[in-house]
Amino acid sequence: MRRVVGEGSGGHIAVWDDVAVRKVEALCDGEKPLVIRDANGFNAREVELRADHDITDLLEEMRANHVRLLAAIEGASAGSGAIIDRVRATIAEDTWEHYDMHRRQIDRAFPLR
């Protein structure tokens, strides 16, 4: 089976969307958002957890977590402007700021036929 959970894979994006969901939920609950101090170690552990997953499983996880993220952002949008600004700033690094880099990596690893 082709290993599909390394840096830049659908599994990687799914993991960081999940992190973003947890951050948004914490902010909306008035709690301090999750801080991952060792991103490389965190990524390595998450890759290992998904080592036997195939691309279909990873894409489903990615889609499901992204839907959860969109719902969390939608819920946060009902909050104050300050919450919205904090949500935007807090999750940017986990999501849209590096999606393009990972999209290019995935495109190279799994070119469309």
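Read the figures in this text as sums done on the coordinates, not as results from a lab. Predicted model, so just to flag it, every value in this text is computed and none were measured. No Cβ is skipped: glycine too gets one built from the backbone with ideal geometry, and neighbour counts run over all protein chains shown.
When the dipole is taken about the Cα centre of region 10-109, and only Lys, Arg (+1) and Asp, Glu (-1) are charged at their Cβ, what size is it in debye, to the nearest 20?
280
In nm, what is the difference between 0.36 nm times the number of residues separating E74 and D57 and their Cα-Cα distance?
3.5 nm
Can you give the extra length, in nm with one decimal, that the chain gains between N40 and E25 once fully stretched, where that is 0.36 nm per residue apart less the Cα-Cα distance?
Gain on stretching N40 to E25: 3.0 nm.
Work out the FRET efficiency for L49 and D107 from their Cβ-Cβ distance, taking R0 = 41 Å, and round it to the nearest 0.05. Could you put the intermediate results ahead of the total?
Values: r = 24 Å, r/R0 = 0.59.
Approximately 0.95, to the nearest 0.05.
Quick one: Karplus J couplings for region 45-53, per residue in order, coefficients 6.51, -1.76, 1.60, θ = phi - 60°, nearest Hz, x for Gly and Pro?
Couplings: 5, 5, 4, 4, 4, 10, 4, 9, 7 Hz.
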